[in-house]
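**Student:** The following block contains the structure, expressed as structure tokens.
The values are calculated or read from the model by the stated rules, or taken from the named source; none is laboratory data. Remember, it's a predicted structure, so these values are computed and weren't measured experimentally. Cβ atoms come from the backbone with ideal geometry, glycine included; neighbour counts cover every protein chain shown. Accessible surface is based on the protein model in full, side chains and every heavy atom, while ligands, DNA and RNA are left aside. Shrake-Rupley method; radii C 1.70, N 1.55, O 1.52, S 1.80 Å.
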Protein chains: 2
Amino acid sequence: MKITLIGSGNVAWHLGKALNQAGHKIVALYSPTAAHREELAAELSPAKAVDSLDLRTTGAELFVIAVPDAAIASVVATVRVPAGSIVVHTSGSQPLAALQGITGARTGVFYPLQTFSKSKPIDFSTIPILLEAEDEHTFQTLQEVAGTISKEVHLVDSRKRKQLHLAAVFACNFTNHLLGISRQLLQQADLPNTLLQPLIQETVAKALQSHPFQVQTGPAVRHDQNVIEEHLKLLQDQPFYQQVYQLLTRSIQAQHPKK
Amino acid sequence: MKITLIGSGNVAWHLGKALNQAGHKIVALYSPTAAHREELAAELSPAKAVDSLDLRTTGAELFVIAVPDAAIASVVATVRVPAGSIVVHTSGSQPLAALQGITGARTGVFYPLQTFSKSKPIDFSTIPILLEAEDEHTFQTLQEVAGTISKEVHLVDSRKRKQLHLAAVFACNFTNHLLGISRQLLQQADLPNTLLQPLIQETVAKALQSHPFQVQTGPAVRHDQNVIEEHLKLLQDQPFYQQVYQLLTRSIQAQHPKK
């Protein structure tokens, strides 16, 4: 498959490389930033770095929009692709309908459900790819492409993808924030941040093995009011963290009422 | 070292086995519940299951209290040990002073910083053991014992241990709760809970490699108000989760103000 990539961020970087390695040909790469498009195009050789969203002459059959969610609308408003080609976005939070304004193309969603950093290599084969398409034929084409880079290809419609994204915000974005708070608390206590690593890893391993609600531990689920109050006192100079502590304690206790 | 274990829960179970395997002799095991003490004593053969907290004749030099935090006070009030022996508790949240009422013994804390389930074998050698003792000689004895089961032995006083425990509540107990919410949201959307596993694992791996605040992703850090409002709408029938979503979003945004 001949592919044009729109975007040069973390998703474009990893998805482009995975598609390239699977034998697809990245014929062109668009980014508004010259340095970014040159750099990624060089990685995806012989991709041509292009500075215009008129992509009708790139020779591609598939156009992959991998830009920040907030930039999708402006790409859709500007991009020109050949009639009959397929355009997909790679966003977990945007509906298929976000691509409605593109003339002459069949549209789809090609969402790799993972968090990417350019500096960290990643095994694409285990990353779920969630697909959606405006018609069955387009879906089948996307399914074939996705199947060349991942063993985990799922059809998930826009409504469900939004619910999935919400679940991911809790499991990943919020979890990361809590790990950040924890790390900051360790720093404040002059304790090494490696100290909690085995506990964090085991907690997550256990939560993935069982239902997390069934393996909940800690002062909240024990309704250990003494410890809870001491912790709140330790947080008295950090009112935001104190509020987070209180609310999550109440949420755990709502799940596990006092016996 | 001859050791008597007080308790038969998850900590007693794993710590007892680790001490046993390291060549220490568990001479007696106390639990108020006959079935529990018989079961664990059999695992720690030839430990004797005892039903009294008068432990003066067990022959042990070290007494390890591994009971729920809320039960420590009643053990302290009742237990009898030989003069000059060492008594430790294994709690992350209780100070050394929680053992003050024990007559004639030197006291310490022997806190294995990990979450334990009886059904899940665990490699003790990488588990940090946090020690504290009322005097240098007792500390050295505990350090020797801890060194036989773990490579990660640290001196952490009661004040710091409390701060560490607070950090662990954020990193583990609260994180587990968020993973539970996420799993529930997936169930409600009729999506397989395995779908988010690679993302969760990568998120945590990344958070442990870098400072989590520096690798924060998601709608909150992007100040993507459209997505945030759609998520809040999806949570309208779950007001607790909606509150958690709002507060953690604000906490992330306080960390990462809009540019």
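**Student:** Given an 8 Å cut-off on Cα distances and at least 6 residues of separation, report the relative contact order of chain B as a percent.
**Tutor:** 12
**Student:** Would you mind listing the distances between the A:Gly104 label point and the same position in each other copy? Use 7 Å along Cα-to-C-beta, nm, one decimal, shortest first.
**Tutor:** Those label-point separations list as 9.6 nm.
**Student:** Between the stretch A:67-136 and the stretch B:12-28, what is the separation of their alpha carbon centroids in Å?
**Tutor:** Centre-to-centre (Cα) distance: 56 Å.
**Student:** Same structure again: Order the following by accessible area, largest value first: A:Thr57, A:Thr90, B:Thr217. Probe radius 1.4 Å; ligands, DNA and RNA are ignored.
**Tutor:** Per-residue accessible area, sorted high to low, gives A:Thr57, B:Thr217, A:Thr90.
**Student:** Also, quick follow-up: If you restrict to DSSP beta bridges whose two residues both lie in the protein assembly as shown, what percentage is antiparallel, to the nearest 5?
**Tutor:** Here the antiparallel bridges make up roughly 15 percent for the protein assembly as shown.
**Student:** Here is a follow-up. Using only protein heavy atoms and a 1.4 Å probe, how much accessible area in total is buried between A and B, to the nearest 100 Å²?
**Tutor:** Result for this pair: about 8800 Å² buried.
**Student:** When each copy gets a label point 7 Å from Cα toward the beta-carbon at A:Ser119, what are the spacings between them in nm, shortest first?
**Tutor:** Inter-copy label distances (nm, one decimal, shortest first): 4.0.
**Student:** Where both residues lie in chain A, what percent of DSSP beta bridges are antiparallel, nearest 5?
**Tutor:** DSSP beta bridges in chain A are roughly 15 percent antiparallel.
**Student:** Summarise the accessible area of chain B (1.4 Å probe, protein heavy atoms) by the percent that is carbon and sulfur.
**Tutor:** It is 48 percent, rounded to a whole number.
**Student:** Continuing with this model, one more query. Cα gyration tensor of the stretch B:2-156, axes a ≥ b ≥ c as square roots of the eigenvalues: rounded (a/c below 1.5), prolate (a/b > b/c) or oblate?
**Tutor:** rounded
**Student:** Between helix B:69-78 and chain B, what is the angle of the helix's C-alpha long axis to the longest principal axis, kept within 0 to 90° and rounded to the nearest 10?
**Tutor:** 20
**Student:** Run the label-point distances for A:Gln246 please: 7 Å along Cα to Cβ, every other copy, nanometres, shortest first.
**Tutor:** Counterpart label points of A:Gln246 in the remaining copies fall at 1.4 nm.
**Student:** Which residues, if any, in the stretch A:243-259 lose at least 10 square angstrom of accessible heavy-atom surface (probe 1.4 Å) when the other protein chains sit next to their chain rather than the chain being alone?
**Tutor:** SASA drop of 10 Å² or more in the stretch A:243-259: A:Gln243, A:Val244, A:Tyr245, A:Leu247, A:Leu248, A:Arg250, A:Ser251, A:Ile252, A:Ala254, A:Gln255.
**Student:** Can you give the charge dipole size of the stretch B:77-158 about its Cα centre, rounded to the nearest 20 debye, using +1 on the beta carbon of Lys and Arg and -1 on the beta carbon of Asp and Glu?
**Tutor:** It works out to roughly 400 debye.
**Student:** Could you check the spin-label model distance between A:Thr103 and B:Ala70? Points 7 Å from the Cα along Cα→Cβ, value in nm.
**Tutor:** 7.0
**Student:** Calculate how steeply helix B:10-21 sits against the longest principal axis of the alpha-carbon atoms of chain B, using the helix alpha-carbon long axis, and give the answer as 0 to 90 degrees to the nearest 10.
**Tutor:** The answer is roughly 50 degrees.
**Student:** Moving to a separate point now. Before I look further, what does chain B give for accessible area per residue, probe 1.4 Å, in whole square angstrom?
**Tutor:** Using a 1.4 Å probe on heavy atoms only, each residue of chain B averages 42 Å².
**Student:** Also: Can you tell me which of A:Lys120, A:Lys233, A:Lys162 moves the most in a GNM of chain A? Springs connect C-alpha atoms under 10 Å apart.
**Tutor:** A:Lys233
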